[in-house]
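Below is one structure; the comments refer to it alone.
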Amino acid sequence: MGFKLFLLLENFLMLLPALWRKTFFSHLATLSYYASKRYRDVSYQNLEFAFDNKLSEEEKKEITKYAFKNLLFNFLHAMELRHMSKDALAKKITIQNIEAVQKVHAEGRAVIYVTTHYSSWELGGASIGAFIEPLIAVYKKMKNQVYQDWLLEARGSFGNISMEKTNVVKPLVRNLKSGLACGLLIDTNINPKEGVMVKFMGKSIRQTSTPAYLARKFNAAIIPVTMRTDDEENYTLMIFDEIPVERTEDEASNIQRATQLQADWLTKLITDEPKFWFWLHRRWKNDHPEIYN
């Protein structure tokens, strides 16, 4: 019954002008900011740790408020994608540096898109599928199965395929061999057995080594990609140049270095414009649990 009411709300919201929907979710984000002390605290703890307590209280407040807003806007984008045409999406998106992908394709190699919870990640994934190539997007199983199905339907609107991360390596390998792209998040908290230690925002943390492992083994290209916006109406899909993966006899060292280069890319991205990253997530909880006490 609850989900049916949610779908009724969705259908009602989609009848409204886009500006009204945006205003509704913006107000909802403000309410969430004041109502959720827990996640406000997580954001402040992350910011204090990542920036070594150098941010002012006002800076932390503004970044945290935007984190709530950005999260709610991603929810809005997922909702809109379920009803959006490719032409409508094209009007919102500008693609930057598509030549990096074209170069890899010309070489006959598959692309591993490494991405992050930064700006509109929902529009980002959809835009790759709609305007560059369909990809397999790896996700972590959610507690709410009904919402998960709703979200995965939105993410599949333009040809992308979602696969749950448990036992996903074999399907990824099979598809990489056939030239199909995949998309992997590199900024989530992971099991200690799933990655290697890197420096991220100047702090030691474990990060997934799967992109480097797959790229090295199957001669695929690691291409970082993310979104940004100046007005929350028009978005740029930012494609970065390939991150190289060495292929020496020291496999572990090759994977370590390539994974560190991904962490360096993400560090610069966040340092340049910190407001766009998802500060509400306890990214350091396994390696630095003390910051959340």
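Laboratory data are not the source of any read-out in this text; all were calculated from the coordinates shown. The model shown is predicted, which means the values in this text are computed figures rather than measured ones. Note: ideal-geometry Cβ built from the backbone for every residue, glycine included; neighbour counts use all protein chains shown.
Annotation: peptides 212-219, 119-126, ranked by per-residue average of other Cβ atoms within 10 Å with the highest first, follow the order 119-126, 212-219. The peptide list 65-73, 260-268, put in order of mean Cβ contacts within 10 Å with the highest first, becomes 65-73, 260-268.
For the residue pairs LYS86/LYS285; LYS177/LYS203; LYS65/LYS268, the C-alpha atoms sit more than 32 angstrom apart in LYS86/LYS285; LYS177/LYS203. Translational diffusion of the chain, estimated by Stokes-Einstein from the Kirkwood radius over alpha carbon pairs at 25 °C in a medium of 0.890 mPa s, is 123 µm² per second. A simple count of charges around ALA106, restricted to other residues whose Cβ falls under 15 Å of its Cβ and scoring Lys, Arg +1 and Asp, Glu -1, yields -3.
Summing Cβ point charges (Lys, Arg +1; Asp, Glu -1) relative to the Cα centre of segment 45-184 gives a dipole of roughly 480 debye.
DSSP assigns beta bridges within the chain; of those with both partners inside it, close to 40 percent run antiparallel.
Fewest-first ordering of ASP87, ASP187, ASP41 by other beta carbons within 10 Å of each residue's beta carbon gives ASP87, ASP41, ASP187.
Given +1 at the Cβ of Lys and Arg, -1 at the Cβ of Asp and Glu and no other charges, the dipole of segment 138-274 around its Cα centre is 820 debye to the nearest 20. Close amide H partners of PHE200, meaning residues 5 or more places away or on another chain with modelled amide H under 5 Å apart, are ILE205. Distances between placed amide hydrogens fall under 5 Å for GLU164 paired with TYR139, all partners being 5 or more residues away or on another chain. Placing unit charges on the Cβ atoms only, positive for Lys and Arg and negative for Asp and Glu, gives the chain a dipole magnitude near 860 debye about its Cα centre. Taking a straight Cα-Cα cut-off under 12 Å and skipping sequence neighbours fewer than 8 places away in the same chain, the aspartates and glutamates within cross-link reach of LYS91 are GLU233. Calculated [222 nm] ellipticity per residue, helices only, for the chain: -16000 deg cm²/dmol; basis is -39500 (n - 2.57) per DSSP H run with n ≥ 4, divided by all residues, nearest 500. Near LEU237, the amide H atoms lying under 5 Å from its own belong to THR94, ILE95, GLN96; only residues 5 or more places off or on other chains count, and H is placed 1.01 Å from N.
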